[in-house]
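Structure record follows, encoded as structure tokens.
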Amino acid sequence: MVLGATGTIGKAAVRALIAAGHETVCFLRPRPDGGDPARLFPADAVLRFGDVTGEESLLRDGFAGERFDVLMSCLASRTGLPEDAWAIDYRANAVALTAARTANIRHVVLLSAICVQKPVLAFQHAKLAYEKLLIDSGLTYSIVRPTAFFKSLSGQVGRVREGKPFLVFGDGRLTSCKPISDDDLGRFLAACVSDPKLHNKVLPVGGPGEAITPLAQGEQLAALFGRQPRFRHVPVALLDAIVFVLGALGRFSPNLRSKAELARIGRYYATESMLLWDAQAQRYDAALTPSFGTETLFDHYARAARGEVADDRGEHAVF
């Protein structure tokens, strides 16, 4: 049973599960426009519809009295704002866990995020709270904490194609990451179903190759479009000022309070690497960050430059 199957990683996970021969049911919210989501999934995927946040609907409309071996949750809040995060990253997952236990499911695979290892934001605390609930549940668990996604790092492809400078924070070397592709992450999630070595573990995972800085991303994009690299350096102090002003104004306006949280999220990703955090050394460590898969971010950039892929970034659209 897969929850969150219509998300980018959810769809990749379903493809990988089907390819691995697993009978796979996707429990989806009915589309408000009445459209048929079947085109999003392999023909062998079974689609069922109901309220993903309701235990009764999960049991009646999702599990439907059948026996399932594994619940895989790719649920994630769309915005990361506190209300959204606690409603989805924690409560919806907690409801699903209760329903899974009622249905005698013994294994839960959870898509989390590597950024929860240094939590300062609401959605990180919500994810961690559910991780603890799952670990303490007595069920077998596989908690997958991926690094950056390709679509999150593709917002400036169009800028560079148009000859505009690539935007970086500070000197462009403040952070680095080992991004993982959708399909590679989908295969890793599918592997958690059947590989006992991936059970009862928290699993940080990145893509193949060396860690990449924003500066290197801009240089590679420029080379792909046959341009000299151009950068615009944005001082982190500017982000601090935006966070401070919106935070102060947010005491009087819910809308500005939400904008302040989004600014804090932006600052976090501008200043924190998406790598494994070595608590003893108090630093991010690329060498300790596990790698999986075959596709690199630069492979993805090359396909984007050729027009072979177009990233639908949704809430990831920053630039």
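The values are calculated or read from the model by the stated rules, or taken from the named source; none is laboratory data. Since this is a predicted model, take the numbers as computed values, not measurements. Positions of Cβ are backbone-derived with ideal geometry, glycine not excepted, and every protein chain shown enters the neighbour counts. To get the accessible areas, we keep the full protein, side chains included, count just its heavy atoms, and leave off ligands, DNA and RNA. Shrake-Rupley method; radii C 1.70, N 1.55, O 1.52, S 1.80 Å.
Before moving on, here are some points about what is shown:
- log10 of Debye I(q)/I(0), alpha-carbon scatterers only, for region 1-158 at 0.15 Å⁻¹: -0.81
- Taking only the Cα atoms of region 85-146, the ratio Rg/Rh comes out at 0.96, with Rh defined as the Kirkwood radius.
- FRET efficiency for Val309 and Arg67, using Cβ-Cβ distance with R0 set to 30 Å, rounded to 0.05: 0.20
- Segment Glu210-Ala241, length gained on full extension (0.36 nm per residue, minus Cα span): 7.9 nm
- Candidate residues Phe292, Phe41: accessible-area rank, largest first, probe 1.4 Å: Phe292, Phe41
- Note that region 70-191, at 25 °C in a medium of 0.890 mPa s, gets a Stokes-Einstein diffusion coefficient of 152 µm²/s from its Kirkwood radius over C-alpha pairs.
- Residue-wise HN-Hα couplings along region 14-28, as the Karplus relation 6.51 cos²θ - 1.76 cosθ + 1.60 with θ = phi - 60° gives them from phi, are 4, 4, 5, 5, 5, 4, 7, x, 7, 5, 10, 10, 10, 9, 10 Hz; Gly and Pro carry x.
- Projecting the Cα atoms of Thr147, Phe49, Ala260 onto the dipole axis of the chain, where Lys and Arg carry +1 and Asp and Glu carry -1 at the beta carbon, places Ala260 farthest toward the positive end.
- Debye intensity ratio in log₁₀ form over the Cα atoms of the chain, taken at each q of 0.10, 0.14 Å⁻¹: -0.60, -1.17
- Sites listed here are GluC sites (Glu not before Pro) in region 63-136 whose DSSP assignment is loop and whose Cβ has at most 12 other Cβ atoms within 10 Å: Glu66.
- Normalised radius of gyration (Cα atoms, divided by 2.2 N^0.38 Å) for region 168-233: 1.53.
- Nonpolar atom fraction for region 63-138, defined as the carbon and sulfur part of the 1.4 Å probe accessible area, stands at 53 percent.
- Residue-count net charge about Arg187 - beta-carbon cut-off 12 Å; Lys, Arg +1, Asp, Glu -1: -4
- Loop-located GluC sites (Glu not before Pro) in region 229-319, at most 13 other Cβ atoms within 10 Å (DSSP): Glu308
- Where Ile18, Ile180, Ile135 fall by accessible area, highest first, once all protein chains stay in place (1.4 Å): Ile135, Ile18, Ile180
- Net charge contributed by nearby residues that have their C-beta within less than 11 Å of Arg145 (K/R +1, D/E -1): +1
- In region 186-319, inverting the average of 1/r over every pair of distinct C-alpha atoms gives 18.3 Å as the Kirkwood radius.
- Near Arg232, once Lys and Arg are set to +1 and Asp and Glu to -1 for all other residues with Cβ below 13 Å from its Cβ, the sum equals +2.
- A simple spin-label model places pseudo-atoms 7 Å from Cα toward Cβ; at Asp44 and Lys118 they are separated by 4.2 nm.
- Summary: within the chain, the longest segment free of trypsin sites (Lys or Arg not before Pro) located in DSSP loops with at most 10 other C-beta atoms within 10 Å is 68-250.
- Portion, in percent, of the accessible area of region 154-227 that falls on carbon or sulfur, probe 1.4 Å: 50
- Rounded if a/c under 1.5, otherwise prolate or oblate - region 204-252, Cα gyration tensor axes: oblate
- With DNA, RNA and ligands ignored, accessible area of Trp277 (1.4 Å probe; Å², nearest 10): 60
- Accessible area (Å², per residue) of region 178-319, counting only protein heavy atoms and a probe of 1.4 Å: 55
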